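Taking it in order: structure first as structure tokens, then the write-up.
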Amino acid sequence: MLAETPPMGFNTWNTFGVNINDKLIREIADAMADSGLLEAGYEYLVLDDTWSEKERDPETDRIIPNREKFPNGMKAVSDYVHSKGLKFGLYSCAGVRTCTDHPGSFNHEFKDAETFAEYGCDFLKYDFCYKPVIADGPQLYYRMSMALKACGREILFSACNWGADEVNKWIRSSGAHMYRTTGDINDSFESFKSIALSQLPALCHSAPGCFNDIDMLTVGMYGKGNVGSVGCNDTEYRTQFALWCFFSAPLMIGCDVRSMTPETKALLTNKALISINQDEEARPAFAVGLYPWNEDTKVFMKHLSGGEYALGFFNLSERDCSIPAAFWHFGLDAGYGMVLTDCFTGEESGVIKEYYSPFVAKHDCAVYRAKVVKL
Ligand code: GLA
């Protein structure tokens, strides 16, 4: 089964935008294999928009790779990516054109799926620009999903209709493996905060086989690149990464993996956080308690397999403060306590009873793997 746990990989869009080419993709493949990212679970290398020529091949009506950017064709690129032990992803669109005005797959779905399979594709991101107004959005995703299943190659289907048409009501039935539910992220605290908070009611729709995608990470971009914006600091990036992990969101890296800082690399390969994201039960996190005096502080609890839990205290507000959680808020009886292991330091607490209230600086988080013990 594809997407038993949230897919993990890298996507070109956030940093490189339209500036992608054969050499860059090979360098990224090298970096993913050599830096420990692949080992940590990041297996898909996805080329986003602008990999193709502006028009289809007039003779075959096929989408063809841009000759200048990919002079060796696309199979040569995917062969290289595969030789590194990675999987290869491409991008297309349910409309007549992609968002940057390249050919979309509308009414060419089965032909394009065959072409992508010939190119060695293992993952297709499928966008939503230039959809003809008379076309039914869900129908276009049902159609491409069937085309991918008929193409003779196993291809993970990553839908990207930005949450339109009440996507979480029908997308799972389309066969898609992940699906975007929000507009595009940019590299700022405000952007990832609003995306994360907007998804709280939708987390319950994520489950093995099909995950709610809250967009590519901006961790490690520091304001540079295609969706650069004002950038974030390392504290904010760890909050972003922890939120994506608690929300069982696909982890698609968006920074330049060829030049990660040690902090970025350590965060993106943090085993404790990744194990929360990749937990086989993929249960939705839920918000614990109410904090009316500072509503932008959140406590999230997520049940993990093996009788463990993830407990996260997120300060998304503009002031440093304590964030209290009474254990009865998430159902624990007073006869039991918790032992917390800090996901960043690995430090284990003693037995904590009844409530916990870490002091969390603004935009930061405190995240733990928790075990329940009888007192
Ligand atoms: C849309 C998507 C982005 C990216 C661009 C490419 O905006 O939401 O993730 O794929 O298109 O043009």
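The values are calculated or read from the model by the stated rules, or taken from the named source; none is laboratory data. These numbers come from a predicted model, not from an experiment. Because the Cβ atoms are built from the backbone with ideal geometry, glycine has one as well, and the counts that use them run over all protein chains shown. Ligands, DNA and RNA are excluded from the accessible area calculation, which covers all protein heavy atoms including side chains. Shrake-Rupley method; radii C 1.70, N 1.55, O 1.52, S 1.80 Å.
Results, tabulated for the structure shown:
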read-out: R180 surrounded by 24 or more Cβ atoms within 10 Å (Cβ to Cβ) and among the charged types (D, E, K, R); value: yes
read-out: For F110: the one exception among (1) assigned to a loop (DSSP other than H, G, I, E, B); (2) more than 16 Å from the ligand (Cβ to nearest atom); (3) of a type outside the set (D, E); (4) open to solvent by 30 Å² or more (accessible area, probe 1.4 Å); value: (1)
read-out: Candidate set from the stretch 40-73 (those that are of a type in the set (A, V, I, L, M) and farther than 13 Å from L24 by Cα); member that is farthest from the ligand (Cβ to nearest atom); value: A40
read-out: V167 vs. criteria β-branched (V, I, T), in a helix (DSSP H, G or I) and within 16 Å of the ligand (Cβ to nearest atom); value: yes
read-out: Residue that is nearest to the ligand (Cβ to nearest atom), among those in the stretch 9-27 that are of a type in the set (A, V, I, L, M, F, W, C) and under 18 Å from Y119 (Cα atoms); value: I20
read-out: Subset of the stretch 280-309 [within 17 Å of V360 (Cα to Cα) and either surrounded by 19 or more Cβ atoms within 10 Å (Cβ to Cβ) or at pLDDT 95 or above (or both)]; value: V288, T297, K298, V299, F300, M301
read-out: Exclusive hit being outside any loop (DSSP other than H, G, I, E, B) and more than 16 Å from the ligand (Cβ to nearest atom), set S92, S145, S158; value: S145
read-out: Count of residues meeting criterion [within 15 Å of the ligand (Cβ to nearest atom) and either under 21 Å from the mean Cα position of the chain (by Cα) or closer than 19 Å to T100 by Cβ (or both)] in the stretch 117-139; value: 9
read-out: Of the criteria (1) open to solvent by less than 10 Å² (accessible area, probe 1.4 Å); (2) at pLDDT below 95, which one N277 fails; value: (2)
read-out: Odd one out for I63 among (1) out of contact with any Leu (no Cβ under 7 Å at 6 or more places or on another chain); (2) in a helix (DSSP H, G or I); (3) free of Cβ contacts under 8 Å to residues at least 60 places away in the same chain; value: (2)
